[in-house]
Amino acid sequence: RRQPGGVIELIDMYENDRIGFEARQKGVLAAYDAEGRDLGRVDLRSPRSGWMEFKPVPGARRYVFAPLP
């Protein structure tokens, strides 16, 4: 889900091996478990311009991407 300010919320319901999403600028990604506990930052890589991808964190259910200013 896209949020104001370019924030993107991603939910991993299927325990994927990797997740990719469209992002127009660089940013940081944080992982949260099903109860909303912060599991820390997640390493991102850009396979091509305008896209980011990451390897899901064990126990994480929700990810929040926040673009850098």
Problem set entry | Members of segment 24-44 found to be open to solvent by 90 Å² or more (accessible area, probe 1.4 Å) and either in contact with a Phe, Trp or Tyr (Cβ under 7 Å, 6 or more places away or on another chain) or at pLDDT below 95 (or both), listed by number | ARG24, GLN25, LYS26, ASP38, ASP43
Exercise. Where residues in segment 50-66 are more than 12 Å from ASP33 (Cα to Cα) and aliphatic (A, V, I, L, M), which of them is surrounded by the most Cβ atoms within 10 Å (Cβ to Cβ)?
Worked result: MET52
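Would a scan of segment 51-69 turn up a residue that is within 12 Å of the chain's Cα centre (by Cα) and free of Cβ contacts under 8 Å to residues at least 12 places away in the same chain? Walk me through how you get there before you give the answer.
Taking segment 51-69 as the starting set, the residues that turn out to be within 12 Å of the chain's Cα centre (by Cα) are 51-57, 60-67.
Subsequent filtering for residues that are free of Cβ contacts under 8 Å to residues at least 12 places away in the same chain retains none.
Checked against the condition, which is being within 12 Å of the chain's Cα centre (by Cα) and free of Cβ contacts under 8 Å to residues at least 12 places away in the same chain, segment 51-69 yields no hits at all.
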Exercise. Applying the selection to segment 1-23, what residues are within 18 Å of SER49 (Cα to Cα) and exposed (fewer than 11 other Cβ atoms within 10 Å of the Cβ)?
Worked result: ARG18, GLU22
Problem set entry | Hits in segment 48-69 - residues which are aliphatic (A, V, I, L, M), under 13 Å from ARG18 (Cα atoms) and in a loop (DSSP other than H, G, I, E, B) | VAL57, ALA60
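The values are calculated or read from the model by the stated rules, or taken from the named source; none is laboratory data. For clarity, every value in this text was computed on a predicted model and none was experimentally measured. Using ideal geometry, Cβ is built from the backbone for each residue, glycine included, and neighbour counts are taken over all protein chains shown. Only protein heavy atoms, including side chains, enter the accessible area calculation; ligands, DNA and RNA are left aside. Shrake-Rupley method; radii C 1.70, N 1.55, O 1.52, S 1.80 Å.
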